[in-house]
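Enquirer: For reference, the structure I am asking about is given below.
The values are calculated or read from the model by the stated rules, or taken from the named source; none is laboratory data. All figures in this text were calculated on a predicted structure; none of them were measured in a lab. When we count neighbours, we look across all protein chains shown, and the Cβ atoms used for this are built from the backbone with ideal geometry, even at glycine. These accessible areas exclude ligands, DNA and RNA; they are computed on the full protein's heavy atoms, side chains included. Shrake-Rupley method; radii C 1.70, N 1.55, O 1.52, S 1.80 Å.
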Amino acid sequence: MAPRDPKDGVGAGGGAADQEADIEAPLLGSYGSSSFLLDPTCEDGGGDDERRRRRRRLLLGSHTQSNTTSQVALVGADVCPIESLDYELIENDVFKQDWRARGRGHILRYVALKWALCFLVGALAAVAGFLANLGVENVAGAKFVVTSDLMLDGKHGTAFAVFLASNFALTMLAAVLTVYVAPAAAGSGIPEVKAYLNGVDAPNIFSLRTLIVKIVGCIAAVSSSLHIGKAGPLVHTGACIASILGQGGSRKYNMTCKWLRYFKNDRDRRDLVTCGSAAGIAAAFRAPVGGVLFALETVSSWWRSALLWRAFFTTAMVAVVLRALIDFCKSGKCGLFGTGGLIMFDVTADYVSYNLVDLPPVVTLGIFGGILGSLYNFFLDKVLRLYNLINEKGKTYKLLLAATVTVCTSCCLFGLPWIASCKPCPTDTQEACPSIGRSGNFKKFQCAMNEYNDLASLFFNTNDDTIRNLYSAGTDDEFHISSILVFFIASYFLGIFSYGLALPSGLFVPVILTGAAYGRLVGMLIGSQSTLDHGLFAVLGSAALLGGSMRMTVSVCVIILELTNNLLMLPLVMLVLLISKVVADAFNANVYDLLVRLKGFPHLEAYAEPYMRQLSVSDVVTGPLQTFNGIEKVGHIVHVLKTTGHNGFPVVDEPPFSDAPTLYGLILRYHLLVLLRKKDFIRSCTASNLNASKHFSHDEFAKRGSGKHDSIEDIELCAEELEMFVDLHPFTNTSPYTVLETMSLAKALILFREVGLRHVLVLPKSSERAPVVGILTRHDFMPEHILGLHPSLFKSRWKKVRLGKLKVANIF
């Protein structure tokens, strides 16, 4: 058996035998001690600021580079330790006995509970989406009504003061809640959900506190007129609801339900979180089919037909509950929230006709949409790196950054309409002109009666109402080309600078809004060569920018169609999405992959890098390797758990318990903690006749919820107990996944990702060596780790081929 160096295996799975490099700090020994990464202060945003700045510098590096350790990541607005999830069934004696004891009734309850939880997730996600829209429409609506009334009275300075002060207060409310209460609630949450569904867990990403701050902060932030959206936060909200229900509630706040505590493994929780993310999109856009496709195309890494049915059922519940709540509001009991409160742009022409002559403008729209979308990702990446440098200085700087952006945004929104000239009200419209109040196409602003300011009509509205105005059919003459150009440029860059603040914010709606302005602009410039309406150009412009930035095709296509309630646009939307995606893929990755990489999540792609086929597993796995005997001394187990952060340990039987050193299986860290806490020890190193099923229940080995971990420091053992022994055989997974050391790294990656593993044992080719030579974990498949071990691959032919197209990005 290999030497038991307490510092061994640090870093690269077995490579240095990384038996779980996700949370162990010795890999970063040059930066600090192991307690540095395991510090739980990120859970509430508290703790020493200097320590947290060190964590952030560790993640971002001197030039804010992506995380190269696979141990920490930027979760929301704070840097926290992360670890891998394990979707493998642990087939030990306790599990087998529990499985044999299950009857038909047990299985029926299990299946029924899955569907019941999907129903609850859909219903609660719908309520959350309704509350978010209700809050935004009423808070932002009241702000615009007061400001418009003051403008109507000629009190322009007072109107600006009220507008600025209300935006500042709302932004600070969202930022303070996020920074001091739930840092994990910052941003859209989609990168965190995407990472979780790929197998990466982090503290508090789905906690009850994060859920509450996400909803309240989203209402405040979106109402503050920042160019951010609700879709991303609602995806995170749906995932939070699913995770909390899947683990039986929140024990920390004594809000638990025993009959819900049924999902005791990462596999079932993953499926429920997938349904929750689909419900979030369905609640944001009233797009149930689009929500399912979004979860399939964008956030999930594993999918199967049974999950498809449950996700569809969940989003169907969202649609039903939302319809019931909207019908209730039609009676006028929801304040300013009305038929336009939730996004449903049923505003295009009843009949959409297009001819061959319309294809060149549509193709042009798609090409430049792809270029603008890739540029959007490029600028957003640079801005976020700048924001990270500012945010690492502490909480005060996070608040100052949010305050600066909201003041600048308010000045732009209030100041830019003054450069637009007033236009006479159209005589053929059925809408009041000018519209005095919250919404409408004809904002009076500083104009005289019977006139309106078209630029103010775009800036002085909620994002939903502005999109509706741009999508409206038969409005070709209502906006001047200069106003659309100014609004497009302002919206493009305000969306970039508003994202990345320490508050809940989404990218979906700002991209839709900016794309609508882009489409209108193209329609005005080349629309004379086409028979299409400018409102239809706006819809296609949104699709083009979404395809160029987010690179989603099927889900965006369906969401757009569900938004506009017009199936006749399907061919044009498909064409625009395909063209914009192909063009944008030539420059950079989609925005969510960029965010995942920037945050430092060790995300496993669905494909293997070409250079991985040049390497075998043995090229990234080195020793020494930490193992346990089948009957191990308690003191040694405690010493290993205290001095390493490994999650899995091979169990090897040696003589006299076997003829030769033999691999018995793999035992997990939290199973060892259960054994130590139970203190069911034996006094001598001999085989015991312990019936594990009588002394232990399967519930004791059930994994805790997301981000929750037991600690060896919480277990107290006396000197006599440390000298005793424990039989690990009944608790060891006797059928772990294994690979030969000669297997290609690319093939091992496919196995690791498709099955959803946390550990893969590496066996020697020769029987004369130790029975196990290393452990592969997620860290071993990270490009930073592989290329760090084999820098020559940077100059390999395969690497050049992969990066060749990215040289085009140098024109930026």
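Enquirer: If each residue of separation counts as 0.36 nm, what is the full-extension length gain between residue 357 and residue 115 once their alpha-carbon separation is subtracted?
Expert: Here the answer is 82.1 nm.
Enquirer: To the nearest 0.05, what FRET efficiency results for residue 718 and residue 585 with a Förster distance of 51 Å applied to their C-beta separation?
Expert: So, using R0 = 51 Å, E works out to roughly 0.25.
Enquirer: Would you mind telling me the share, in percent, of accessible area of segment 406-548 contributed by carbon and sulfur at probe 1.4 angstrom?
Expert: Answer for segment 406-548: carbon and sulfur cover 60 percent of the accessible area.
Enquirer: Count the net charge of all other residues whose Cβ sits under 15 Å from the Cβ of residue 488, scoring Lys and Arg as +1 and Asp and Glu as -1.
Expert: Cβ neighbours under 15 Å give a net charge of 0.
Enquirer: Oh, and also: Taking amide H positions as placed in the peptide plane 1.01 Å from N, state which residues far from residue 452 in sequence (5 or more) or on other chains have amide H under 5 Å from it.
Expert: 423, 425
Enquirer: Continuing with this model, one more query. Compute the distance from the alpha-carbon center of segment 766-790 to that of segment 155-180, in whole Å.
Expert: After rounding, the separation between the Cα centres reads 53 Å.
Enquirer: Could you give the accessible area per residue of segment 111-255, probe 1.4 Å, as a whole number in Å²?
Expert: Value returned for segment 111-255: 27 Å² of accessible area per residue.
Enquirer: Let me ask another. I'd like the carbon and sulfur percentage of the solvent accessible area for segment 630-672, probe radius 1.4 Å, heavy atoms only, ligands and nucleic acids excluded.
Expert: 55 percent
Enquirer: Something else about it: Starting from segment 531-612, pick out the chymotrypsin sites (Phe, Trp or Tyr not before Pro) whose DSSP state is loop and whose Cβ has at most 11 other Cβ atoms within 10 Å.
Expert: For chymotrypsin sites (Phe, Trp or Tyr not before Pro) across segment 531-612 that sit outside H, G, I, E and B with at most 11 neighbouring Cβ atoms in 10 Å, the list reads 607.
Enquirer: Once the other residues with Cβ under 14 Å from the Cβ of residue 558 are scored (Lys, Arg +1; Asp, Glu -1), what is the net sum?
Expert: Taking every Cβ under 14 Å from that of residue 558, the sum is -1.
Enquirer: Expressed in nm to one decimal, what extension gain is obtained for the pair residue 680 and residue 529 from 0.36 nm per residue of sequence separation less their Cα-Cα distance?
Expert: Once the chain is fully extended between residue 680 and residue 529, it gains 46.1 nm.
Enquirer: Given a cut-off of under 8 Å on Cα pairs at least six residues apart, what relative contact order in percent is computed for segment 385-497?
Expert: 20 percent
Enquirer: Using the Karplus curve 6.51 cos²θ - 1.76 cosθ + 1.60 with θ = phi - 60°, work out ³J(HN,Hα) for each residue of segment 377-391 in order, rounded to whole Hz, and write x for Gly and Pro.
Expert: 5, 4, 5, 5, 4, 5, 5, 5, 5, 5, 4, 5, 5, 6, 5
Enquirer: Please go through segment 716-798 and write out the GluC sites (Glu not before Pro) that DSSP classes as loop and that have at most 14 other C-beta atoms within 10 Å.
Expert: Qualifying residues, ordered by number: 716, 723, 768.
Enquirer: Over segment 457-604, what is the mean sequence separation of C-alpha contacts under 8 Å (at least six apart), divided by residue count, expressed as relative contact order in percent?
Expert: Worked out over segment 457-604, it gives 21 percent.
Enquirer: On average, how much accessible surface per residue is there in segment 466-611, in Å², for a 1.4 Å probe, leaving out ligands, DNA and RNA?
Expert: With all protein chains present, segment 466-611 gives 26 Å² per residue.
Enquirer: List the GluC sites (Glu not before Pro) within segment 76-158 that fall in a DSSP loop (any state other than H, G, I, E or B) and whose Cβ has at most 15 other Cβ atoms within 10 Å.
Expert: 91
Enquirer: Roughly to the nearest percent, how much of the accessible area of segment 278-324 is carbon and sulfur, given a 1.4 Å probe?
Expert: That fraction is 74 percent.
Enquirer: Right, something else. How much length would be gained if the chain were fully extended between residue 403 and residue 477, taking 0.36 nm per residue of separation minus their Cα-Cα distance, in nm to one decimal?
Expert: 22.9 nm
Enquirer: Just to confirm a number: summing +1 for Lys and Arg and -1 for Asp and Glu over residues other than residue 384 whose beta-carbon lies under 12 angstrom from that of residue 384, what do you get?
Expert: Charge balance near residue 384 sits at +3.
Enquirer: Residue-wise, which Karplus ³J(HN,Hα) couplings in Hz belong to segment 199-213, taking 6.51 cos²θ - 1.76 cosθ + 1.60, θ = phi - 60°, and x for glycine or proline?
Expert: Each residue's phi maps through the Karplus curve to give x, 10, 10, 8, x, 6, 5, 10, 6, 5, 5, 4, 4, 5, 5 Hz.
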